[in-house]
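Chemist: Provided herewith is a single structure, encoded as structure tokens, for subsequent inquiry.
The values are calculated or read from the model by the stated rules, or taken from the named source; none is laboratory data. What you are looking at is a predicted structure, and each value in this text was computed from that prediction instead of being measured. Heads up, the Cβs are rebuilt from the backbone with ideal geometry, glycines too, and the neighbour counts pull from every protein chain shown.
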Amino acid sequence: MRKTTIVVAALTAGLLFLGWWGWKTHRFTKQGPTELRLALDDKVESLDPAKAYTDDSLLVSAQVLEPLYQYHYLKRPYEVEPLVAEALPLFAESGRVVKIRIKKNIFYHPHKAFGANRRSLKAEDFVVQMKRLALDPLRSPGRSLFSDLILGFDDYSKAVGHDWRRLPQVDLAGIRALDEQTLELRLKKSEPNITYYLALNFLAPVPWEIVEFFNNNLDYAMVGTGPYVYKSYNGLHFDLVRYLGYREDFYPTSGDRYANVQRLLDSGKQRIPFIDKVRFYVTANELDRWEKFFDRGIDILTVPKTFLPKLRDKHGELTPKLRKSGVELKHFPTLANRWLAFNMRDPLLGKNEDLRRAIAFAVDYEKYVQVLSQNTNLRANSILVPGIVGYQPAKAFRFHYDLGAAQEYLKKAGFSDPSRVPEIVYSTRGNQGVNILEAQFIKAQLQALGLKVRIEVLTFSEFLRKGRAGELQFFTDNWLFDYPDGENILQLLVSSNFPGINKSAYANPKVDALYEKLKITTNVDQRNQVVLEMEELIFDDLPWIPLMYESSFVLHYPEIKNFRKSSIIRNYVKYLKREE
């Protein structure tokens, strides 16, 4: 009898332990594993951290890959904090030497490339990725950040003969692993934003074993140290699962006023991530995304601009459909600017400043904001956006809607008869409904001046390819800030970035010189003065016409907790919780 009791007790204890272990390891709900379903706006061309640069590709990869630093999820203004680094960088030699200690016992997701071994994160993995960024054949959008900054970076691709197989044999002078946990950067000059750079996806570590296994083609291969493991992509959706070997990490315990008022701190000190499975649907059609959300196929929806009128009735209340569904509607500011752009090498628009000014006075900006955002966005008055140091909210923008002034500038441009102006080709920044609506609006505005406009509808990937090659004539562009500093957007107007991210092919030696000055200026007031000087020169030349500052309306179901949208914090899925 005693033996039976002991056996029963042992079995009971064993079952209790297995139950506790299963809860701790998997943290399943009563309904089983928790799943989060999200939507991507467009096809993802690459997940390679050296190449990924669209919001969709960065959203997927941010759940898997981890750079050295991240932004505190619940604090505004934005605050950089360590992610896989032990602490913020240590600087020496007037900021030209940067040392970073890497946390111990951080492990990569299991992969064939590692064999049966459990591969730990090493400082050398960041060296490998920096070398990859320097390779000409990869054409990384991140190269401009480190060009003329990291010692040896600009000449590295030639040194290896453009051959990725030689990366382990050829040193890059500006980066080295002092030991397994210590990374050192050597810069040509101090860089005020270097910590921001180190928080970017471009510098997510890549082990040499992974580079070699995939022959340096990581477009659809991701092996990281993050809270989620990349499992598959079938053309319709990306699937991720929670990494069971993820280190101990916890939900933040502090935040700003919004975080406190919205009770976003209720999960403080709890271990993350909470969600077990994540699926990203590629849903390019706006109507499909809208309907999929209300069919509960996705849990969080950034409302397409063309659907904003469907949110509220004529009294400003939520529509019956939204009230019945029980969804939550939230409005978030976004670090994003939108503008009209000219190709400055175009023989018509680029070479005729008065014609560009005529167009600048022909746009009804207030109506544009109303049509494109239902007056939920703000008209832009600067290249900077609210939330960026140096932004001046009271600054008066020099262009406004004035058809008479537009006609005068058109005459000065040499076109007393508007019908003699050659056809202008306006290219869309995608083929979504909002892109078509925007194109039709711009066309109507210019036609009221007597100009002929043809709309060229491009997919977003086509827009990027043609824009970076300098093949667009007239277009709308926008920018989601990668880090909260004006330098991040002003790089789009530096001549050395054409061809590339300077889609306007703009070149002004004075602007270039001020940009270089900005990159070495650490005093905040002096940086603001440099930015102001750059803006005035840019508006004199008019490669861009600022339109509006973006914001987002987001719908999500009440069981999704802890959500806070940000344009630069993309690794937010680990903070989300599903409570049925």
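Conditions tested, residue by residue: (1) assigned to a loop (DSSP other than H, G, I, E, B); (2) modelled with pLDDT of 95 or more.
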position	(1), (2)
ASN216	yes, yes
GLY235	yes, no
LEU244	yes, yes
LYS269	yes, yes
PRO273	yes, yes
LEU301	no, yes
LYS314	yes, no
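Chemist: Now, a different point. Within the stretch 158-179, is there a residue that is surrounded by 17 or more Cβ atoms within 10 Å (Cβ to Cβ), under 24 Å from the mean Cα position of the chain (by Cα), outside any strand (DSSP E or B) and of a type outside the set (Asp, Glu)?
Modeler: no
Chemist: Quick one: would you say SER551 is touching a helix residue (DSSP H, G or I) at 6+ places or on another chain (Cβ under 8 Å) and over 30 Å from GLU35 (Cβ atoms)?
Modeler: no
Chemist: Considering only the stretch 65-79, how many residues are under 14 Å from TYR220 (Cβ atoms) and touching a Leu at 6+ places or on another chain (Cβ under 7 Å)?
Modeler: Looking only at the stretch 65-79, we keep the residues that are under 14 Å from TYR220 (Cβ atoms), and these are 65.
Within this subset, residues satisfying the condition of being touching a Leu at 6+ places or on another chain (Cβ under 7 Å) are none.
Of the residues in that region, 0 qualify.
Chemist: Separate question: Output the residue which, of all residues in the stretch 89-143 that are crowded, with 16+ Cβ neighbours inside 10 Å and among the hydroxyl-bearing types (Ser, Thr, Tyr), is nearest to ASP171 (Cα to Cα).
Modeler: The selected residue is SER140.
Chemist: State whether the residues of the stretch 20-35 include one that is at pLDDT 90 or above and surrounded by fewer than 20 Cβ atoms within 10 Å (Cβ to Cβ). Don't jump to the end; show me each part of the working.
Modeler: Taking the stretch 20-35 as the starting set, the residues that turn out to be at pLDDT 90 or above are 34-35.
Okay, now just the ones that are also surrounded by fewer than 20 Cβ atoms within 10 Å (Cβ to Cβ), so 35.
Yes, because at least one residue in the stretch 20-35 is at pLDDT 90 or above and surrounded by fewer than 20 Cβ atoms within 10 Å (Cβ to Cβ).
Chemist: Regarding VAL385, is this residue of a type in the set (A, V, I, L, M, F, W, C), modelled with pLDDT of 90 or more, under 23 Å from the mean Cα position of the chain (by Cα) and in the same structural domain as GLY470 (by TED's automatic domain parsing)?
Modeler: In short, yes.
Chemist: Does any residue of the stretch 506-524 turn out to be closer than 19 Å to ALA336 by Cβ and either assigned to a loop (DSSP other than H, G, I, E, B) or within 25 Å of the chain's Cα centre (by Cα) (or both)?
Modeler: No, the stretch 506-524 contains no residue that is closer than 19 Å to ALA336 by Cβ and either assigned to a loop (DSSP other than H, G, I, E, B) or within 25 Å of the chain's Cα centre (by Cα) (or both).
Chemist: Might you let me know whether the stretch 495-504 holds any residue that is part of a helix (DSSP H, G or I), small (Gly, Ala, Ser) and buried (at least 19 other Cβ atoms within 10 Å of the Cβ)? Full working, then the answer.
Modeler: First pass over the stretch 495-504, keeping only residues part of a helix (DSSP H, G or I): 495-497.
Within this subset, residues satisfying the condition of being small (Gly, Ala, Ser) are 495-496.
Filter once more, keeping what is buried (at least 19 other Cβ atoms within 10 Å of the Cβ): none.
No, the conditions are met nowhere in the stretch 495-504.
Chemist: Filtering the stretch 106-121 down to residues that are touching a strand residue (DSSP E or B) at 6+ places or on another chain (Cβ under 9 Å), part of a loop (DSSP other than H, G, I, E, B) and of a type outside the set (Phe, Trp, Tyr), which residue is nearest to VAL64 (Cα to Cα)? Talk me through it step by step, then tell me what you get.
Modeler: At the first step, the residues of the stretch 106-121 found to be touching a strand residue (DSSP E or B) at 6+ places or on another chain (Cβ under 9 Å) are 106-110, 118-121.
Filter once more, so that each one left must be part of a loop (DSSP other than H, G, I, E, B): 106, 108-110, 118-119, 121.
Still in the running and of a type outside the set (Phe, Trp, Tyr): 106, 109-110, 118-119, 121.
Numbers: ILE106: 13, HIS109: 9, PRO110: 12, ARG118: 17, ARG119: 15, LEU121: 14 Å.
Looking at residues that are touching a strand residue (DSSP E or B) at 6+ places or on another chain (Cβ under 9 Å), part of a loop (DSSP other than H, G, I, E, B) and of a type outside the set (Phe, Trp, Tyr), I get HIS109.
Chemist: While we're on this one: May I ask you to list the residues in the stretch 361-417 that are basic (Lys, Arg) and outside any helix (DSSP H, G or I)? Spell out how you get there, then give the answer.
Modeler: Here is the first cut: in the stretch 361-417, the ones basic (Lys, Arg) are 367, 379, 395, 398, 411-412.
Those that are basic (Lys, Arg) and outside any helix (DSSP H, G or I): ARG379, LYS395, ARG398.
Chemist: Which of the residues spanning the stretch 456-478 are crowded, with 17+ Cβ neighbours inside 10 Å, free of Cβ contacts under 8 Å to residues at least 60 places away in the same chain and in contact with a strand residue (DSSP E or B) (Cβ under 6 Å, 6 or more places away or on another chain)?
Modeler: LEU458
Chemist: Has the stretch 339-350 got any residue that is of a type in the set (Gly, Ala, Ser), under 23 Å from ASN562 (Cα atoms) and not in a loop (DSSP other than H, G, I, E, B)?
Modeler: no
Chemist: Which one of the conditions (1) more than 21 Å from LEU542 (Cβ to Cβ); (2) β-branched (Val, Ile, Thr); (3) modelled with pLDDT under 95 does THR428 fail to meet, given that it meets all the rest?
Modeler: All conditions pass for THR428, except number (3).
Chemist: Could you go through the stretch 181-202 and let me know if any residue there is surrounded by 19 or more Cβ atoms within 10 Å (Cβ to Cβ) and small (Gly, Ala, Ser).
Modeler: Looking through the stretch 181-202, at least one residue is surrounded by 19 or more Cβ atoms within 10 Å (Cβ to Cβ) and small (Gly, Ala, Ser).
Chemist: Before we move on, is ILE424 out of contact with any Phe, Trp or Tyr (no Cβ under 6 Å at 6 or more places or on another chain) and either in contact (Cβ under 8 Å) with a residue 24 or more places away in the chain or on the phi < 0 side of the Ramachandran plot (or both)?
Modeler: Criteria not met by ILE424.
Chemist: In the list ARG564, ARG527, which residue meets the criterion of being charged (D, E, K, R), assigned to a helix (DSSP H, G or I) and touching a Leu at 6+ places or on another chain (Cβ under 7 Å)? Talk me through it step by step, then tell me what you get.
Modeler: Details: ARG564 fails: assigned to a helix (DSSP H, G or I).
Result: ARG527 is the single residue among ARG564, ARG527 that is charged (D, E, K, R), assigned to a helix (DSSP H, G or I) and touching a Leu at 6+ places or on another chain (Cβ under 7 Å).
Chemist: Among the residues of the stretch 488-495, is there at least one that is of a type in the set (Ser, Thr, Tyr) and under 20 Å from ILE359 (Cβ atoms)?
Modeler: Going through the stretch 488-495, the residues of a type in the set (Ser, Thr, Tyr) turn out to be 495.
In the following step, the residues that additionally are under 20 Å from ILE359 (Cβ atoms) were identified as none.
Within the stretch 488-495 (the criterion being of a type in the set (Ser, Thr, Tyr) and under 20 Å from ILE359 (Cβ atoms)), the answer is no, since none of the residues qualifies.
Chemist: With (1) part of a helix (DSSP H, G or I); (2) in contact with a helix residue (DSSP H, G or I) (Cβ under 7 Å, 6 or more places away or on another chain) as the list, and ASP125 as the residue in question, which single condition is left unmet?
Modeler: (2)
Chemist: Please work out if ARG176 is in the same structural domain as ASP148 (by TED's automatic domain parsing), closer than 25 Å to LEU121 by Cα and basic (Lys, Arg).
Modeler: Details: in the same structural domain as ASP148 (by TED's automatic domain parsing): yes; closer than 25 Å to LEU121 by Cα: yes; basic (Lys, Arg): yes.
Yes.
Chemist: Additional query: Would it be correct to say that GLN445 is surrounded by 20 or more Cβ atoms within 10 Å (Cβ to Cβ) and either modelled with pLDDT of 95 or more or on the phi > 0 side of the Ramachandran plot (or both)?
Modeler: Values: surrounded by 20 or more Cβ atoms within 10 Å (Cβ to Cβ): yes; either modelled with pLDDT of 95 or more or on the phi > 0 side of the Ramachandran plot (or both): yes.
Yes.
Chemist: If you go through the stretch 45-61 one residue at a time, do you hit one that is farther than 30 Å from THR195 by Cβ and either surrounded by 10 or more Cβ atoms within 10 Å (Cβ to Cβ) or at pLDDT 95 or above (or both)?
Modeler: The initial filter retains those residues of the stretch 45-61 that are farther than 30 Å from THR195 by Cβ, namely none.
There is no residue in the stretch 45-61 that is farther than 30 Å from THR195 by Cβ and either surrounded by 10 or more Cβ atoms within 10 Å (Cβ to Cβ) or at pLDDT 95 or above (or both).
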